[in-house]
Structure formats: C-alpha cells, structure tokens
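The values are calculated or read from the model by the stated rules, or taken from the named source; none is laboratory data. Bear in mind that the values here come from a model prediction, so they are computed numbers and not experimental data. We place every Cβ from the backbone using ideal geometry, glycine too, and count neighbours over all the protein chains shown. Heads up: the accessible areas ignore ligands, DNA and RNA and are worked out on the full protein's heavy atoms, side chains in. Shrake-Rupley method; radii C 1.70, N 1.55, O 1.52, S 1.80 Å.
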Amino acid sequence: MISHFRNILNLNEKFAYSILGKIRQFVLPLFNYNLAYQERKTKGTVIENISLFKSNLNKCLPEVTGDKFIKLISSIQKEELLKAADKAVSHEFNILSTNVKFDEKIDWSLDFSSGFKWPKGKLYLKYNQVSTSDNADVKFPRELSRCHHFLYLGQAYLITGDQKYTKEFIEQVKSWLDDNPYKKSINWCCSMDIGIRAANWIYGLRMFLKSPLIDDNFLSEILTSLYLHGRYIYENPEKNRAYNHNHYLADLAGQILLGVLFEKSDLKETRLWRDNGIYELYREIRIQILPTGFTYERTTNYHRLVTELIAYTLILIKNNELEIPLDISFRVKKMFEVVPNYLFLDGTAPIIGDQDNGRFLPFYPYNINYQRYLLNIGAVLFDNEKLKYFSSDNFIDILFLFGDRGCEKFNNLNSETNKLKSKSFSDAGFYTLKSDKVNVFINNSGFSHYNEVVGVGTHTHSDLLSFVYSLEGVPFLIDPGTYVYSSNPKERKKFRSTEMHNTITVDDFNQNDIAENELWSMRRNVIPSEILWETNEKKDIYEGTHTGYLRLDDPVRHSRRFEFDKTTNKLQISDKIECANHHEIKCHFHFDEGVTVQVKDKEVYCRKKSKGIKISFKLQYEYTLELKQEYISKAYNSRVLSNYIVLSLNTRKNIELLTFIENYENN
C-alpha cells in the first residue's frame, strides 16, 4: 500500500496537483513513522542480496583498473589527485572557497564559514534550512556531505593500491551514517543533495570494490543507506506544479542510478525508481532544455551542472542498453554544442547568472569555472568530431563514465576543424560576436521558460543587455558573479543588481525589483526583446531592448545596439535612452582581476597579459568617468577587488551614447 502511495506522489498531471498536495500532507507522516524499524528491515533484505548488488554495480558502471588508469593520466594529474586524496585523509577540505580542517572527527552538520551548526536528531521536515537572520549558509554542510572527495580517495587507491584510502573511505561513510540518522539531520532535507551524494558514494564504492577491506558487513551498511537514499528521493521529489529545475533533475539522476543498482532485488519499488525516473527525465529534458541547447535557467554554470546531470544519466541508461528516444539525444547533443560558443580560450566559462560551484560527479579537481572536459564527454557520447576539435587531452571523465571503450572511441574520432562563428541563441536571449581575436557574449535573457506563467524566480540576474568581452582569449570585461546566497542577503541582492553588470542603470534603479529577503526570486516583469540580428563575414549587428524602466514615473526606454566590425575588431555600442524628463544615467564596466585600467582625456586604457584595449565614448552632453574598485566573484563565497568604471550623465530627454572598444597596442 505504501509503495502505491509513493507512486501516486510522482504522478504528472497538473490538474491533479492540488489534490496530490493534500495527499502528500496525509501520507508523508506514514513514511516517517518508526524509521529505525524501516532501516532494520531494509538491512535484513540487503544482506540477503549483497551478491546481486555487487553484480549490478559491476554491470551498471564500467570497471577501471589501476594499471589502465595510471597509463591514461599525466604526472601532473596524478600529483593533483593524490594531493586532493591526501587532504581528504587528513580531513582537510576546500568547500565553497573555504578551507577547513577537522582535527579528528568530521562535523557533517557545521557551517564552518559562520560557525553555525544544525542539531541532529530532528525529523527533516522540522528544520529551518534557510534563514536571512543567522548568517548561516546550509550549502556548507550539504556540499561537504555530497562527498565529492570520495572520487579522489578512490582514484588515489587505483593509482597506489594503498589501503589507507580504502580505510578512510570506510571510516568516513560510517562517520556520516553515525552523524546523520535516516531522515534526522540537516543533510536529509534536500533531495538534490541526497541524489548527488548517492551518486558519489556509488562511483566511489565502484573504485574500491576489489579492495579486501570492502567486506559484506560494510557493504550491508552502505547499501542499506543507499536504498534509504532512493526511498527518500522518491518520497520527496522537488517537483512543482509547473516549475521544475536543476534540483528535480538531480533527484532523477540519483533515483535512476539507485534504481539500476538495486534492480531485480527483493527490495520493493526500485523498478519504479528506474522506470518512473527515466520517464520523468525525458519529460524534463523536453521542457527544460531550449531548442538551441541552453537550459531554460539561462546561466552558464547551471548549464554545466544540468549537462552533467542529464548526460551522465543518459550514459548510464545507454550502458544498460535501455532506450533513448531520438528527440532526447538531439536535444542533449545541442546542450554540448553550445558550450564552445561561450568558453574562453583557457576552457573556463564566463559567469552569466548564478554560480554556486555546483557539480554532479567531479572526477578531477578542475578550476571551478573550467568546462572544456564536457566536450570530451559529448564527443564520445555522440561520435561528434566537431566537439573533439574543441576538447582537451584529459581522459579521466571519459574513463569513469564510459570505460576503456570510451577512451578508445575518443582516440579513433577524427578532429574536424570547426571554426566558431557568431551566433544567435535567441530562445535563451544569448548572442555571440566573434572574430579570430575578439569574443563578445551578449545577455538579454530575462524571463525563464516557466516564470512567465507562475511568477517565480530562477538563477538569472537583473542584467539585461549586459556583455562580456575578451581579446585573444584574455577576458577584459566580465560578469562579477554571485558571491553568496543566504549568508549575506545584502551582498546577494547587490551581486544580482543591474549596476553589477556591464549595462545601463537609470536613476540607480534595477531593471527588476529585487527584495533583500528574497534570495532567489525577484519581480521578473521585465520583457526583453530582439530588434535586429544580422551576421556575415565582415560584420555582426545585434540590437535589443527591454521594458525594465518603463515602470518609472517618467517611463524610460533603453535599447542597445552592438555593431562589431570583424575586419578591424572594433566594437561599437549604441545606447539609446528615450524619456520625457531628466534622469541620471550610468553606464557600468566591470573588469577582470588583473586588468590595469587608466583614465586619460575621457578615454579608458586597459591592459592584461601584454594585451590592451581602449574604450572611448561619443556623446553630445557632458559626462564624467570615475575609476573605482568593486568586488568580483569567480567562485561561491569568494570575492576580490577589481577595477570598475562608471560613466555618469544627466539626460536631457532623448540621448544616444556611443561606446567604442578596440585593440590598443601602444604600451
């Protein structure tokens, strides 16, 4: 009976959603009754099926031997992996840009940035997970409890054969289980984190499976908890009436993997986990992934996370010889194909929208903004020679996802020359202007796919008609990032604000109304629109507008036109302000860390890594240029001061501001 209720809670029909909500309120207490008994009963069944689960684990994930692994990695990669693993053995972690060392036992419920600790022993429904009044950030214990470092412990074991890594893996799993009773800690409150943790435990366990220290007693403990992870996710899907997002995709990724692991066992429901999860995953791909390939949440870092969640799960489905519809393959292929269009030459991504360091299975400790490894995975998954052209020589992700055959397939692929061209991703509101030297990424994204209907927010910022600019792979003008979520609501609001992006503000208003106590939502009633998009061999033109300032007492219309001459690599930006009365207009320019900036005769000269650009202006009215310092954030909970220019003027009704950005060679 209980299993039938759990299945009801995962039904899809929108018309029944309010009824299902009431059913959930009635049924959930039944799931949370006598949790210790549920755990004991599950463990008894697990013990009887351990041989089957080991067989399933061998079947669903490829085997990677130490000899093969050592041959594929470089000495630098080996050194980095061993360093990361040895830090985990010493209980040293860098979580969300914060270094922490636990002298003895790991405290899995501590926000070690603020010192706030969530008590264990309460039912998960009774925790206040996010508060704007205690300076705490629940992401810290949750990120640590995702156990990404288990992948480094496992790879260190494959490299060295040293059982100290196996021993540490076992001890940390047992420590986590002791500190986090089933459904009774802060780490049992979010299905997304539970799904990601389950995946990292499973992939880590696969690496250690041949160690003599992995005995049936330990397997019964970890497999019992993994089954309960799956049960929790299935009971608590992060699914809404019309608005699902990366959280729900993470739920499904964990649910499907667990369903495959426990396939054909005496444990109930696991076939439903797999089949329902695959059905729902395909449904969400069709809804959440836009036709051009971007996730509807319209942020580069969440695009990476969503690509991992979807693609790694499709690889699992494919490895287990289950059907993948053609339209799903087509859309996921598009997800990979958009990636090289926004990457810098070093493989890192500009930070458009929120960035919270989110990963699914980080097999290697890359720079948090590095995304080129995705192209290796996409090349193998789709036999795509064009993606291989932009990929790296790192085989680690391919090896653990596809096994030896994936590495062989990658090597056998030709690398088809693929020169990137300027491109419109109009359904996402993104546009790229490209030449051999210059790369401009324009953001006029605005609404998500869902919040036009139900009025809730995603991970976009108030940043319409902003842009990022790089010259010969060197970023000059950037998006300053996210910094934090709940630990500092004031800074959260600031980093989402319009003035923190390379665009125009009017009378110091944001394009969207942003409330300090609403950490993820905002009044997204601003409508962006494309006026013109043209591209040819010599010139690109994009012109767009938005309605953000029409809400003012004296409505103001801002439109911006980008004209990029590919023969001279000169970018001209025309900002038109249409209004009836006087307003204060500010044009903002945020520079990357390490860019030196000098203002001379109302022109701006910038240098970095022997490259230089000049920014000049043409305007019929008086204006001021002010060079300031402002924070930028390249990773969650990390910020540094960098140069920032603001051009200010008072309008006299309609005006046009011309900005010119060009290469500047003179030292």
Consider GLU416 carefully, then state whether it is of a type outside the set (A, V, I, L, M, F, W, C), open to solvent by 30 Å² or more (accessible area, probe 1.4 Å) and closer than 20 Å to ASN341 by Cα. yes
Filtered residues of region 279-304 (kept if in a helix (DSSP H, G or I) and either aromatic (Phe, Trp, Tyr) or open to solvent by less than 20 Å² (accessible area, probe 1.4 Å) (or both)): TYR279, GLU280, LEU281, TYR282, GLU284, ILE285, GLN288, THR300, ASN301, TYR302, HIS303, ARG304
Might you let me know whether region 181-191 holds any residue that is in contact with a Cys (Cβ under 7 Å, 6 or more places away or on another chain) and under 18 Å from THR270 (Cβ atoms)? no
So, in region 148-164, how many residues would count as being under 25 Å from TYR366 (Cβ atoms) and either outside any helix (DSSP H, G or I) or open to solvent by less than 10 Å² (accessible area, probe 1.4 Å) (or both)? 8
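With region 1-70 as the region, which helices (runs of 4 or more DSSP H) entirely inside it contain at least 3 residues that are at pLDDT below 90 and more than 30 Å from the chain's Cα centre (by Cα)? Write out each step before concluding.
Values: elements: 2-8, 17-31, 35-48, 50-60.
In region 1-70, the matching helices (runs of 4 or more DSSP H) lie at 2-8, 17-31, 35-48.
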Close pairs from region 143-171: first free of Cβ contacts under 8 Å to residues at least 24 places away in the same chain, partner surrounded by fewer than 24 Cβ atoms within 10 Å (Cβ to Cβ), Cβ under 8 Å, at least 6 apart: none
Filtered residues of region 498-521 (kept if over 17 Å from ILE577 (Cβ atoms), crowded, with 22+ Cβ neighbours inside 10 Å and of a type in the set (A, V, I, L, M, F, W, C)): MET500
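Within region 564-589, track down each residue that is touching a residue at least 40 places away in the same chain (Cβ under 8 Å) and open to solvent by 30 Å² or more (accessible area, probe 1.4 Å).
Scanning region 564-589 gives LYS566, THR568, LYS570, GLN572, LYS576, GLU578, ALA580, ASN581, HIS582, GLU584, LYS586.
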Could you please give the count of residues in region 186-220 that are more than 21 Å from TYR248 (Cα to Cα) and touching a residue at least 60 places away in the same chain (Cβ under 8 Å)? 7
Keeping to region 226-271, report how many residues are in a helix (DSSP H, G or I), more than 20 Å from LEU309 (Cβ to Cβ) and open to solvent by 10 Å² or more (accessible area, probe 1.4 Å). 2
Out of all the residues in region 466-500, which are among the charged types (D, E, K, R), assigned to a helix (DSSP H, G or I) and touching a strand residue (DSSP E or B) at 6+ places or on another chain (Cβ under 9 Å)? GLU491, LYS494, GLU499
Looking at region 474-495, I want the residues that are under 17 Å from HIS459 (Cα atoms) and have a partner that is basic (Lys, Arg) and outside any helix (DSSP H, G or I) with Cβ atoms under 7 Å, at least 6 apart or on another chain. Which pairs are those? GLY481/LYS634; TYR483/ARG639
Taking only region 393-436 into account, find how many residues are part of a loop (DSSP other than H, G, I, E, B), at pLDDT 90 or above and of a type in the set (Gly, Ala, Ser). 6
Take the residues of region 643-667 that are among the polar types (S, T, N, Q), touching a residue at least 60 places away in the same chain (Cβ under 8 Å) and part of a strand (DSSP E or B): which is least open to solvent (accessible area, probe 1.4 Å)? THR659
Just give me the residues in region 104-145 being part of a loop (DSSP other than H, G, I, E, B), at pLDDT 95 or above and open to solvent by 10 Å² or more (accessible area, probe 1.4 Å), in sequence order. ASP107
Selected residue (only one of LYS628, LYS614, LYS634, LYS586 is under 28 Å from the mean Cα position of the chain (by Cα) and part of a strand (DSSP E or B)): LYS634
When the residues of region 440-481 are filtered to those that are at pLDDT below 95 and β-branched (Val, Ile, Thr), which remaining residue is nearest to ILE352 (Cα to Cα)? THR460
Any chance region 333-343 includes a residue that's part of a loop (DSSP other than H, G, I, E, B) and open to solvent by 10 Å² or more (accessible area, probe 1.4 Å)? yes
Just one listed residue, out of ASP554, ASP540, ASP601, is under 33 Å from the mean Cα position of the chain (by Cα) and either modelled with pLDDT under 95 or open to solvent by less than 40 Å² (accessible area, probe 1.4 Å) (or both), and it is ASP540
Tally up the residues in region 456-481 that are surrounded by fewer than 23 Cβ atoms within 10 Å (Cβ to Cβ) and at positive phi, please. 2
Just name the residue that is most open to solvent (accessible area, probe 1.4 Å) out of those in region 182-205 that are of a type in the set (Ser, Thr, Tyr) and assigned to a helix (DSSP H, G or I). TYR203
Can you pull out every residue in region 613-639 that is open to solvent by 20 Å² or more (accessible area, probe 1.4 Å) and under 15 Å from GLU656 (Cα atoms)? PHE617, LYS618, LEU619, GLN620, TYR621, GLU622, TYR623
